[in-house]
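Here is the structure we will look at.
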Amino acid sequence: MNRLLQRSVQRRKLLTGGIALAGGTAVTSLGRHGAANAETHTITGAHAAYAGQHGEMITIGDVGTEINGFDPSEILTDWEVGIVSQDDAGNTVRTFEILAEDREIEIAPGVTFPAWTFNGRVPGPTLRATEGEKLRVVFRNNGSHPHSMHFHGIHAAAMDGLRGSGLIDPGDEFTYEFTAKPFGCHLYHCHAFPLRAHMHKGMYGGFIVDPDPAKHTEHRDVALSRQLGTSENADWQEFIMVMNGFDTNFDGENEFYMINTVAHHYMKHPISIDKNRPVRIYLINATEFDPINSFHLHANFFDYYDHGTTLTPTLRTVDTIMQCQAQRGIIEFSFKDHAPGMYMFHAHQSEFAELGWMSMFDVKDGA
Ligand SMILES: [Cu+2]
């Protein structure tokens, strides 16, 4: 890679680089197998330039589902509940099947990234269970490197996703077994080393454990509202948002930031909200390389449940929270007293917002 190109792909120059793009300058290298043999790729101005459609700096064009096979708009509510059965003792057993595989994904219009995935998507499927259930996660590695699933939850050392406890080589299979606890908003990720390589390649996903209302008599109504499948839960508009980033030139810094993998997706496809129903966001920070990420909601305030492990808020009436990597929590708010309209939310690191982590709620009166 020549010096000029190296300089032009530095993320802090990406925005100003966009101006040069109109002249056809290459700004992004697309390495299929890492930095050592990164391919360079010329991106036309029509694809990669940034411009202000509504006065904001966002990517031009759109990412379809042809390459990815997944749609960030669907990922928001696409809960993976597995297959439920009973064991001999009458316990509920929930079984998930996860396949690790290499896959090229498109993370901004015209910008592809050689990802390592769980079930072919980034973030991986959002696994959802209820507190106290027995979980079985059948994990197969069809990728090119050793991988594992390390759950942020409570489990035995033998189920931890390290070498000897579920970190497996290509072609191998392992079944993780543990009880779903504690309730909350959690995550899983590959724990192969070097960890940051496996994280930034896309190996992470949400792991939501709904509280069992029978165990929480004092806040049974709150627990019911969180349990998928109840009428109380159906009143809520729930979304999972995994904050992530991609280092497209393998220099150890992210060139793009977003929630759920596609830069500026929810600027071009705002998230529809019925103002009469409450909103709950399961927010997870999976961003590699940067120490923190953040979430800021415009024109409104929210309650926050750190890690989602309590039924009363750990922060009340805030409009911005920050999370380090693997930190997560539940955000709850309502637009019921607001006029309908487009309400923005974004990382309050301005650079992250400009490089993809900026989104819109389209708040309507009624469905
Ligand atoms: Cu891995």
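In summary, helices (runs of 4 or more DSSP H) completely within segment 154-270 and bearing 3 or more residues that are more than 16 Å from the ligand (Cβ to nearest atom) occur at 220-226, 231-234, 265-268. Once segment 290-305 is narrowed to residues that are over 15 Å from the mean Cα position of the chain (by Cα) and open to solvent by 50 Å² or more (accessible area, probe 1.4 Å), the residue that is farthest from LYS364 (Cα to Cα) is PRO291. Annotation: of all residues in segment 117-153 being away from the ligand (no atom under 16 Å from the Cβ) and basic (Lys, Arg), the one that is farthest from the chain's Cα centre (by Cα) is LYS134.
The rows are residues; the columns are (1) in contact with a Gly (Cβ under 9 Å, 6 or more places away or on another chain); (2) open to solvent by 50 Å² or more (accessible area, probe 1.4 Å); (3) of a type outside the set (Lys, Arg).
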position	(1), (2), (3)
PHE113	yes, no, yes
ASN119	yes, yes, yes
PRO125	yes, no, yes
ARG128	yes, no, no
GLY132	no, no, yes
PHE178	yes, no, yes
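The selection criterion, being of a type outside the set (D, E, K, R) and in a helix (DSSP H, G or I), does not hold for ASN276.
Has segment 142-155 got any residue that is more than 27 Å from THR261 (Cα to Cα) and free of Cβ contacts under 8 Å to residues at least 40 places away in the same chain? If you could, list the steps in order and put the result at the bottom.
Residues of segment 142-155 that are more than 27 Å from THR261 (Cα to Cα), as a first pass: 154-155.
Add one more test, that the residue is free of Cβ contacts under 8 Å to residues at least 40 places away in the same chain, and what stays is 154-155.
Taking every residue of segment 142-155 in turn, at least one turns out to be more than 27 Å from THR261 (Cα to Cα) and free of Cβ contacts under 8 Å to residues at least 40 places away in the same chain.
Just give me the residues in segment 326-348 being surrounded by fewer than 22 Cβ atoms within 10 Å (Cβ to Cβ), more than 22 Å from LYS275 (Cα to Cα) and touching a residue at least 60 places away in the same chain (Cβ under 8 Å), in sequence order. The answer is ALA326, and nothing else.
The values are calculated or read from the model by the stated rules, or taken from the named source; none is laboratory data. The structure displayed is predicted, hence computed values, not measured ones. A quick note on method: Cβ atoms are made from the backbone with ideal geometry, for glycine too, and the neighbour counts reach across all protein chains shown. When the accessible area is computed, the model is the full protein with side chains, heavy atoms only, and any ligands, DNA or RNA have been set aside. Shrake-Rupley method; radii C 1.70, N 1.55, O 1.52, S 1.80 Å.
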